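Below you'll find the structure, written out as structure tokens, and then a few comments.
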């Protein structure tokens, strides 16, 4: 009787899961294992919204395995220690897991391989699980570079890559009796969770996916920036936790065809693009990818402005709406993310790392590659070919929320205003401003633009 262990990380699904598929094909019995890694919390990533969503995901994964005759084994501790214990308890000689791209993921893999080899076990690491195309698969021709630093040429090469087949969910999973398990975490035990946080797990994810392909993808190209319409897929948390497969999403979108599907695939490519940048430049998680020699304002020098931004009280309605959506849902519309990030990094000239950390504290889809590199893109220290662009929150608000519906949804102080007037409440008579009790602007846009240009020596 042969036994293999499958270490689940960011692939909490049964459909299209290469490590699980390979283990089931090679062994008579499989131990599906998830390790609650306390070091993740020590690094600051064990935040309430993601812990609650993870609890949903693990509960759903356990239920799916039990429907197939198996179960999920939960352990707490260091991954290398717990995997080795489970391998010894079950008599396994092979361990399968998905490849990661962060510094910690690589360190975890190295420690696990060393520990397993010391007890005569093999580690099999599978690519194209967390991403559709593995980092490093495509590189610029003839440049000697190990990654693409510009999206468009990456997208062209990425689009021509053959994708692996999509694996069906297993019909049966036989798990040996030996390895014991802790209780599956429960969302209700997590405090500080956003009131509007979505439900996690593969079952909920696949329902969202079905609804998206049925009702949303066709109009995605034209409506992806529509703040009020909320016409994005909302699948980013499912991709982050791996309850959906990016490979499956791309295959299905290409089969559907049309401009909306093409635009959606392009967004999935952006995700892979950021992963390949971080894989090649791990320091970009905390250091400028391309320095502009900024002398950013900090928590000490800009405490009041930063607090107003975090609380959604900057006096700029579309920015405040986005920040309040983040706090309520643990999620934010992509256009809102761009506007909120641009406002902090360029209008307030605050260090992008402060904003990136706040997002990671609240975002259920908080992903190091996408979060940090999107922040760097907006701050002008990343891969943006126009690093000094500044998004005007008034113009952007009128463009992407022309009727003010998004703002009124999240900024109740302004619900009495009609139409686009909601984006410039400071133009109201003084008596009306007092009635709406909305905060004054923390900065004048002309002054902030002049400060940014002077700081970047653009004058």
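Normalise the Debye intensity by I(0) for the stretch 28-151, one equal point scatterer per Cα, no solvent, then take log10 at q = 0.13, 0.14, 0.15 Å⁻¹ and round to two decimals.
Values returned for q = 0.13, 0.14, 0.15 Å⁻¹ are -0.67, -0.77, -0.87.
Peptides 406-412, 85-91: what's the order by average Cβ count within 10 Å, highest mean first?
Put in order of decreasing packing, that is 406-412, 85-91.
For the Cα atoms of the chain, what angle does the longest principal axis make with the long axis of helix 246-256, in degrees from 0 to 90, nearest 10?
70
Can you grab the distance from the C-alpha centre of the stretch 46-106 to the C-alpha centre of the stretch 366-394, Å, no decimals?
Distance between centres, Cα-based: 33 Å.
So, R0 is 30 Å and r is the distance between the beta-carbons of residue 456 and residue 45; what FRET efficiency does that work out to, to 0.05?
According to the calculation, E is roughly 0.40.
Would you mind putting 339-351, 220-232, 323-335, 189-201 in packing order, based on average other-beta-carbon counts within 10 Å, highest first?
Sorting 339-351, 220-232, 323-335, 189-201 by mean packing, highest first, produces 339-351, 323-335, 220-232, 189-201.
So, R0 is 45 Å and r is the distance between the beta-carbons of residue 395 and residue 199; what FRET efficiency does that work out to, to 0.05?
In this case the efficiency is close to 0.80.
I want to make sure I understand the PRE zone here: with the label point 7 angstrom from the Cα of residue 88 toward its beta carbon, which residues in the stretch 19-51 have backbone N atoms less than 20 Å away?
31-38
Subtracting the Cα-Cα distance from 0.36 nm times the residue separation, let me have the gained length for residue 182 to residue 76 in nm, one decimal.
37.4 nm
Where a ≥ b ≥ c are the square roots of the eigenvalues of the C-alpha gyration tensor, would you call the stretch 76-223 rounded, which needs a/c under 1.5, or, failing that, prolate if a/b is larger than b/c, or oblate?
Verdict is oblate for the stretch 76-223.
Between residue 117 and residue 436, take the C-beta separation as r, use R0 = 60 Å, and let me know the FRET efficiency to the nearest 0.05.
0.35
Please give the helix 202-215 orientation as an angle from the longest Cα principal axis of the chain, in degrees from 0 to 90, rounded to the nearest 10.
50
Points 7 angstrom from Cα along the Cβ direction at residue 218 and residue 125: gap in nanometres?
Result for the modelled spin labels: 4.4 nm.
Would you kindly calculate the translational diffusion coefficient of the stretch 301-380, applying Stokes-Einstein with the Kirkwood radius from alpha carbon pairs, for 4 °C and a viscosity of 1.567 mPa s, and quote it in µm² s⁻¹ without decimals?
Roughly 107 µm²/s, to the nearest whole number.
When the chain is fully extended, how far beyond the present Cα-Cα distance does residue 172 get from residue 156, taking 0.36 nm per residue of separation?
Separation in residues times 0.36 nm, less the Cα-Cα distance, equals 1.8 nm.
Return one quarter of the surface area of the convex hull spanned by the alpha-carbon atoms of the stretch 303-455, equal to its mean projected area, in nm².
The number I arrive at for the stretch 303-455 is 8.6 nm².
Answer with a single label: of [x] 0.99; [y] 0.97; [z] 1.63, which was calculated as Rg/Rh (Cα atoms, Kirkwood Rh) from the structure in view?
Computed from the coordinates, Rg/Rh (Cα atoms, Kirkwood Rh) corresponds to [x].
If I take the Cα coordinates of the stretch 169-279 and project them onto the principal axes, what are the three extents in Å, biggest first?
Dimensions of the stretch 169-279 along the principal axes of its Cα atoms: 52, 34, 33 Å.
How many angstrom lie between the Cα centre of the stretch 114-156 and the Cα centre of the stretch 179-257?
Distance between centres, Cα-based: 25 Å.
Enter the angle in degrees (range 0 to 90, nearest 10) between the Cα long axis of helix 48-67 and the first principal axis of the Cα atoms of the chain, meaning the one along which they spread out most.
Once rounded, the angle reads 30 degrees.
Values in this text are rule-based calculations from the coordinates and carry no lab data. Predicted model only: the values in this text are computed from it and were never measured. Positions of Cβ are generated from backbone atoms using ideal geometry, with glycine treated the same way; all protein chains shown enter the neighbour counts.
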